[in-house]
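One structure is given below, encoded as structure tokens.
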Amino acid sequence: MKAVVFERHGGPEVLQYQDLPEPRPGPNEVVIQVKASACNFNDIWARRGLPGMKIILPHISGSDAAGAVVEVGSEVKKVRVGDEVVVHCGLSCRQCYYCAHGDEYFCPDFKIWGFQTGPLDGSHAQYCKVPALNTLAKPKQLSFEEAASMPLVLVTAWRMLVTRAQIKAGDFVVVWGAAGGLGVMAVQVARLFNARAIAVASSEEKLELARRLGAEFTVNRKKQDILQEVRRITEGKRADIVFEHIGAETWPVSLQCLKWGGTLVTCGATSGFEATTDIRLLWNKQQNYLGSHLGNKGELIDAMRFVERGLIKPVVDRVMPLKDLARAQQLMESNEVQGKIAIVPA
Ligand SMILES: [Zn+2]
């Protein structure tokens with residue numbers, strides 16, 4: 001099969017389009033013919049290498065896939081050859097204390113498939129294998145490209161806003177990177193709950209996308225003062241929730257944009273991990289700073305119900321062939337993508 005592999009860390013030039021043997025399923029696994037995969041930032045972090053984290057080499061990235069099951073392991077009962085599926089990328093033991101409580105991301109064996117797995121175990125290939133438990137039925141009305149673009153960003157945004165921040169009707173929600181993969185999901189989840197998204201992005205085109213997805217307010221971060229705009233929109237109260245994933249660059253502004261008693265929820269820090277916090281905000285304003293990491297399969301199932309009803313829609317910027325994965329990653333690194341890039345093997 002064809003796959004995109006890297007054997008050492010570096011820029012997009014380390015990605016090689018190669019022939020590899022097709023994966024075979026273990027007893028509880030299925031092999032999927034990948035009809036589409038999707039690009040996520042963790043693909044880029046793995047390629048560059050992350051301090052303190054071992055990426056198993058040689059590596060196939062890709063944590064999102066949609067395709068057809070072509071082979072099932074001997075113990076697999078509920079997934080059949082021919083089923084059209086998407087993948088939930090959180091792998092865990094399903095038996096430990098945390099897994100028993102549905103907190104699979106706390107499992108000592110927790111791994112994000114296609115990021116922390118390997119060697120050669122991700123979706124940017126013609127075939128991939130995953131535990132049968134990690135498959136979900138592909139929503140019928142979606143193309144494979146659309147379906148592949150959703151699970152990782154959808155479950156992440158859902159857990160951040162619904163489970164962690166407990167979003168409710170009327171909440172003002174500042175969404176950083178509102179036209180990015182995570183942002184387009186956050187804006188739609190906010191609309192679903194009748195909350196009022198304040199979409200922040202770097203161009204008019206991106207803000208127009210956010211408005212189409214249901215953002216009530218938009219702020220151009222290149223042209224407008226974000227704090228001033230948030231104060232104006234909220235009549236001085238500031239935001240109930242800030243949806244953070246940028247980190248060092250945005251953290252101080254995020255804290256300033258938050259109302260007394262408000263909730264900041266974060267799932268990442270693409271611009272850097274170190275930021276300063278004025279602790280007075282924490283006690284005096286009684287703000288909540290919450291972390292969130294991916295989500296459990298149950299949260300993805302809950303969110304997908306709204307995808308099936310057309311209330312949350314995929315946003316595919318473009319579809320690119322697998323052999324051009326390096327180019328796709330360059331587009332992501334230069335912030336030129338709206339929503340997601342889907343990758344097709346053939
Ligand atoms: Zn576990």
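The values are calculated or read from the model by the stated rules, or taken from the named source; none is laboratory data. Because the structure is predicted, anything quoted here is derived from the model rather than measured. Here Cβ is always computed from backbone atoms with ideal geometry, including for glycine, and neighbour counts include all displayed protein chains. Each accessible area value is taken on the protein alone, full model and side chains, heavy atoms only, with ligands, DNA and RNA left out. Shrake-Rupley method; radii C 1.70, N 1.55, O 1.52, S 1.80 Å.
For this structure, a couple of remarks:
- Scanning segment 197-212 for residues that are part of a loop (DSSP other than H, G, I, E, B) and either among the β-branched types (V, I, T) or open to solvent by less than 30 Å² (accessible area, probe 1.4 Å) (or both) yields one hit, S202.
- Residues within segment 218-233 that are open to solvent by 10 Å² or more (accessible area, probe 1.4 Å), of a type in the set (S, T, N, Q) and outside any loop (DSSP other than H, G, I, E, B), tallied: 2
- Qualifying helices (runs of 4 or more DSSP H) (wholly inside segment 141-193; at least 2 residues being of a type outside the set (K, R), in contact (Cβ under 8 Å) with a residue 60 or more places away in the chain and under 21 Å from E235 (Cβ atoms)): none
- Selection within segment 114-135 - within 18 Å of the chain's Cα centre (by Cα) and within 15 Å of the ligand (Cβ to nearest atom): Q116, N134
- For segment 5-49, a residue qualifies if it is open to solvent by less than 20 Å² (accessible area, probe 1.4 Å) and acidic (D, E), and exactly one does: D43.
- Scanning segment 319-346 for residues that are within 20 Å of V187 (Cβ to Cβ) and basic (K, R) turns up just one, K340.
- Taken as a whole, the condition of being polar (S, T, N, Q) and in contact with a Leu (Cβ under 9 Å, 6 or more places away or on another chain) applies to S37.
- When E229 is tested against (1) more than 22 Å from W283 (Cβ to Cβ); (2) out of contact with any strand residue (DSSP E or B) (no Cβ under 6 Å at 6 or more places or on another chain), only condition (2) is not met.
- The test for being farther than 15 Å from N335 by Cα and not in a loop (DSSP other than H, G, I, E, B) does not hold for A215.
- Residue selected from segment 62-110 under the condition of a type in the set (S, T, N, Q) and near the ligand (Cβ under 10 Å from one of its atoms), by the criterion surrounded by the fewest Cβ atoms within 10 Å (Cβ to Cβ): Q95
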